[in-house]
Each structure stands twice: as structure tokens, then as C-alpha cells.
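I have placed the structure first, in the form of C-alpha cells, so that the comments after it can refer back to it.
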Amino acid sequence: MSDIKYKYLKYNIEKSICTLFINREEYLNALSIKVIKELIDFYNWANQNQNIKVVIMTGSGDKAFVAGADIKEMSNLDASDSKSYALLGQQLTITIENLSKPVIAAINGYALGGGCEIAMACHIRYASKNSKFGQPEVGLGLIAGFGGTQRLPRLVGKGIALELLLSGKIIDAEEALRIKLINKITDNDKLLDECYKLADQINNNSPVAIRYTITAINKGESAQIEKALNIESKLFAKTFSTSDCKEGLASFLNKNKPKFSGH
Ligand code: CAA
């Protein structure tokens, strides 16, 4: 279950589901520049890989998903390096968010700072009971730099986002679920199984329709409602020229299970 290409990542692919482990357990999977670059490379590769329909991203070990950007590394950055550093982290989150296949964050412990930020870029977040969330950057004299000031308010609303970003407080999984930062809480040892169940359900559906749904939501999110609905209707119309749409509609009428080709 390893790939020689990567020093800090491990993955396996089974039934079109790729499980990706951020593998830097001794530093609670903190995001060094090398880890971030490997993740960007991995997601670009996974996006093109026909054998992968869903990615599940988790942390190695049982303590952390990702405990943040690498603080030791950040302590050596000057203002100019730190701008490039933020842009690199943001490139990772944009790549995940716009992947043409769903990415499920399987949050298995601390998701702090950059860890919470990459989880927020994933399409769906399941978390184990022992997970902890927060944006503690202000206590380090920093602000969130991998999209936290922008994605957190979009997910949980401005007031709660400000409370978390200004206090730097750490919240548990129950609180994260209550504010809709995560979709579901699971028992610690059932997290990946629950993610696989969801990935299987997703994989019963048309990959083209899934891709267009992600595009419609991402493109429409920041657009004014008429523009956003226009994006939706264009993509809706596009589905009608796909084999998947013909297969889905015909299978319903013939009372068959559809076999989607992804075209
Ligand atoms: N960067 C670098 N190393 C980290 C790290 C991080 N974000 N988080 C943990 N580690 C390292 C620790 O330094 C320690 O290494 P050593 O054994 O060499 O000392 C190792 O991981 C284990 O961590 P702890 O001994 O601290 O474990 P703990 O159980 O006592 O505490 C914790 C766990 C509460 C998560 C604590 O490690 C912690 O507070 N980590 C930092 C969390 C944080 O502030 N994250 C935000 C970073 S800033 C950011 O992400 C900016 C951004 O938006 C881009």
C-alpha cells in the first residue's frame, strides 16, 4: 500500500475508491511544503486516473487528521516566502475543491489550522468521535492562510466563523456537527467503513452527473442567483447529450440497474 513516488503519502485503490493517507504521523501529519507539493501532485494524478471515482483522505495514526501547517517550517519564512507558501496551500485547497470526482475527508483526530482548511476544501466531511477542530492561527500571531477566512464563513456562517477564527478555540466533533462544519460523526473504529459506504453509494451514480454537480455547486456558490441558475441549466442540458443520461433514463423505464460508462 505505498507508492515510491511519495515520501509523505500512501494510498490504495479498491473498487474505484482511492484511500489516501497523509503519512507524517510523528508530526501529527503537519503540512510541510513537501507534503503540500506531494498532495497537489497526487490530486492532479487522481483527477486523470480512470480507476479512481472517489478519494477518501485521512491522516496516518489515530491521533490526527492534520495538526496544521508545519510551524517549524513557517518560523523560517519571511513576508515574501510566506505569500508563496499561502498560495501553495491555497493551490492545494483549490485543486481538491475542483476535483472532478468527490473527495471525502475522513477526519480521524486533530484537524487544526491548515488541517481544518484542507478538510473544508473536501466535498464531504465525516469525522470520528475523537476529532478536534479549530483555527488556532491567531495564537501564533498569524491568520489562517490556506482558505480558512473564506471557506469557514461560507460553511458555517460569518458569526460562528469569526468566533472560531478570533478565539482560536478548539471544538469537539459534536460541536463541529452542530455548526455544520462536518456532515457526520462516527465511532472511532468505524470512520473508514462509513466513508466506504458513502463512496459505494456515490459510485452507483453517473460519474458525469457527479462531475457536473460539483461544477454547478462550485461555480454557482459565489455567483448571483440568476447567473448561478444559468450555470445549472447549462450543465443540466449538457447531461442530455451523454451516454450516462441515456443509460440512466432507459434503465429506469426498463426497470434495470444502470451501468454508467462515465461518458
Ligand atoms: N507543525 C509542526 N509540528 C507539529 C505541528 C505543527 N502544526 N503539530 C504538532 N507537531 C509536532 C510537535 O511539535 C511534536 O513534535 P516533537 O515530538 O518533535 O516535539 C509532535 O508533532 C507531536 O505533537 P505534540 O507533542 O504537541 O502532541 P500533543 O498531543 O501534546 O498536542 C496538539 C497535540 C494540541 C495538536 C499540538 O501538537 C498542537 O497544538 N499543534 C499545533 C496546532 C496548530 O497550532 N496548528 C495550526 C498551525 S498554523 C496553520 O495551519 C497556518 C495556516 O492556516 C496555513
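The values are calculated or read from the model by the stated rules, or taken from the named source; none is laboratory data. Quick caveat, the model's predicted, so the values are computed rather than measured. Cβ coordinates were reconstructed from backbone atoms using ideal geometry, including for glycine residues, and neighbour counts include every protein chain displayed. Quick note on the areas: whole protein, heavy atoms, side chains included, nothing else; ligands and nucleic acids left out. Shrake-Rupley method; radii C 1.70, N 1.55, O 1.52, S 1.80 Å.
Could you tell me which of the residues S60, S32 is farther than 24 Å from A199 by Cα and of a type in the set (S, T, Y)? Unique residue meeting the criteria: S32.
For the condition in contact with a helix residue (DSSP H, G or I) (Cβ under 8 Å, 6 or more places away or on another chain), open to solvent by 30 Å² or more (accessible area, probe 1.4 Å) and over 30 Å from L192 (Cα atoms), what is the one hit in L77, L87? Result: L77 is the single residue among L77, L87 that is in contact with a helix residue (DSSP H, G or I) (Cβ under 8 Å, 6 or more places away or on another chain), open to solvent by 30 Å² or more (accessible area, probe 1.4 Å) and over 30 Å from L192 (Cα atoms).
Considering segment 138-155, and only residues there that are open to solvent by less than 20 Å² (accessible area, probe 1.4 Å) and either touching a Lys or Arg at 6+ places or on another chain (Cβ under 7 Å) or of a type in the set (G, A, S) (or both), the residue that is farthest from I96 (Cα to Cα) turns out to be A144. Quick one: would you say R154 is away from the ligand (no atom under 15 Å from the Cβ) and under 19 Å from S128 (Cα atoms)? So R154 does not fit the description; no.
When segment 106-143 is filtered for residues that are assigned to a loop (DSSP other than H, G, I, E, B) and within 16 Å of I36 (Cα to Cα), the ones remaining, listed by number, are G113, C122. Pairs linking a residue in segment 170-198 that is open to solvent by 30 Å² or more (accessible area, probe 1.4 Å) to a residue that is within 16 Å of the ligand (Cβ to nearest atom) and of a type in the set (A, V, I, L, M, F, W, C), with Cβ atoms under 6 Å and 6 or more positions apart or on different chains, are I185/A127; I185/A173. Can you tell me which residue among A106, A69 is more than 10 Å from the ligand (Cβ to nearest atom), touching a Leu at 6+ places or on another chain (Cβ under 6 Å) and hydrophobic (A, V, I, L, M, F, W, C)? A106 is the lone residue from the list that is more than 10 Å from the ligand (Cβ to nearest atom), touching a Leu at 6+ places or on another chain (Cβ under 6 Å) and hydrophobic (A, V, I, L, M, F, W, C). Here is the figure for segment 224-263: residues that are touching a helix residue (DSSP H, G or I) at 6+ places or on another chain (Cβ under 7 Å) and either part of a loop (DSSP other than H, G, I, E, B) or open to solvent by less than 90 Å² (accessible area, probe 1.4 Å) (or both) total 14.
When the residues of segment 109-123 are narrowed to those that are in contact with a helix residue (DSSP H, G or I) (Cβ under 7 Å, 6 or more places away or on another chain) and among the aliphatic types (A, V, I, L, M), which ends up nearest to the ligand (Cβ to nearest atom)? Checked segment 109-123; the qualifying residue nearest to the ligand (Cβ to nearest atom) is L112. One residue stands out in segment 35-66 among those that are open to solvent by 70 Å² or more (accessible area, probe 1.4 Å) and closer than 30 Å to K169 by Cβ: the one that is nearest to the ligand (Cβ to nearest atom), namely K63.
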